[in-house]
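Since the structure comes first, as structure tokens, the remarks are kept for the end.
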Amino acid sequence: MRKGLFITFTLLLALAVVLAACSSSDAKNTKKPSPAVTRLESCDSLEKDWDQETCYITAALNSSNERYCDFIVDRTHNVCLFELSVAINDVDLCGAILNDTNWGDICYKNYAEKNANESFCSNVVYAGDRDTCFATVAVDTEQVGLCSKVKDVKKNQRCIFDLARETRNEKVCELLTNSLDQDVCYLYLAKLKGDGLLCDSIGYRDVRAECNKMFATVALNITALDATASK
């Protein structure tokens, strides 16, 4: 009997701990709603619609309250949400942009790139912007694996090249699918790093010759300077 009560008590205690943890997590993840606002006479009294909209955008930015955007009825409403999202770095506002793929994409792309968070690149609908988003975050975070998410072939290869340049890592050049592009990558890094040994990695004869010539010229210039200095 006592053993049964002990087991029951233990299970209830464990359940209480789990529920408390869940409640704590929900409290942290629940965003507090912005306070309600009323229309502003200072904005409504302006004659031109654009001036009124700009006035409400300013009010939203100054108060960090997206509800002022609700007083704008056309697509500028989404501009207002985007501007505020940028100002306070709040990606939730991107989700409030409805029936407007353009501003929604711009909003998610901006947040992902600004915060180096590739997960929000997936929310970008237009493939071209989505590829650019992944490529930008890949280079900024030096994660070559993200280049694989860039579906456009040219942008994918550019992503890899840019990463090789950013990291100064010739191993990344090997990921380029075209052998000539690999050689150009080696040549670029050889020049960037001042490393003539990278010329040996170049397969195309003409490109390798250009690389060797570049370092031979440097060597001649150094020899000439040493000779002048010794006189």
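The values are calculated or read from the model by the stated rules, or taken from the named source; none is laboratory data. Predicted, not measured: the structure shown is a model, and the values here were computed from it. Every residue, glycine as well, gets a Cβ built from its backbone with ideal geometry; the counts of neighbours run over all protein chains shown.
Scanning the stretch 52-68 for residues that are in a loop (DSSP other than H, G, I, E, B) and either without any contact (Cβ under 8 Å) to a residue 24 or more places away in the chain or at positive phi (or both) yields a single hit, SER64. Would you confirm whether or not the stretch 157-171 contains a residue that is at pLDDT below 95, among the aromatic types (Phe, Trp, Tyr) and in a helix (DSSP H, G or I)? No, the stretch 157-171 has no match at all. Among residues that are surrounded by fewer than 19 Cβ atoms within 10 Å (Cβ to Cβ) and under 23 Å from GLU113 (Cα atoms), VAL91 is included. Filtering ALA112, ALA96 for residues that are in contact with an Asp or Glu (Cβ under 9 Å, 6 or more places away or on another chain) and either surrounded by fewer than 20 Cβ atoms within 10 Å (Cβ to Cβ) or among the acidic types (Asp, Glu) (or both) leaves a single hit, ALA96.
To keep it simple, each residue is scored yes or no on (1) farther than 30 Å from GLN182 by Cα; (2) free of Cβ contacts under 8 Å to residues at least 24 places away in the same chain; (3) not hydroxyl-bearing (Ser, Thr, Tyr).
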{"site": "ASN78", "(1), (2), (3)": "yes, no, yes"}
{"site": "ALA87", "(1), (2), (3)": "yes, no, yes"}
{"site": "TRP103", "(1), (2), (3)": "yes, no, yes"}
{"site": "GLU113", "(1), (2), (3)": "no, no, yes"}
{"site": "ALA135", "(1), (2), (3)": "no, no, yes"}
{"site": "THR141", "(1), (2), (3)": "no, no, no"}
{"site": "CYS147", "(1), (2), (3)": "no, no, yes"}
{"site": "PHE161", "(1), (2), (3)": "no, no, yes"}
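Within the stretch 177-199, the residues that satisfy the criterion of being out of contact with any Asp or Glu (no Cβ under 9 Å at 6 or more places or on another chain) and not in a helix (DSSP H, G or I) are THR177, ASN178, GLY194.
Out of all the residues in the stretch 117-126, is one or more within 19 Å of THR177 (Cα to Cα), at pLDDT 95 or above and assigned to a helix (DSSP H, G or I)? No, there is no match, as no residue in the stretch 117-126 is within 19 Å of THR177 (Cα to Cα), at pLDDT 95 or above and assigned to a helix (DSSP H, G or I). CYS22 satisfies every condition listed in (1) within 37 Å of the chain's Cα centre (by Cα); (2) at pLDDT 50 or above except (2).
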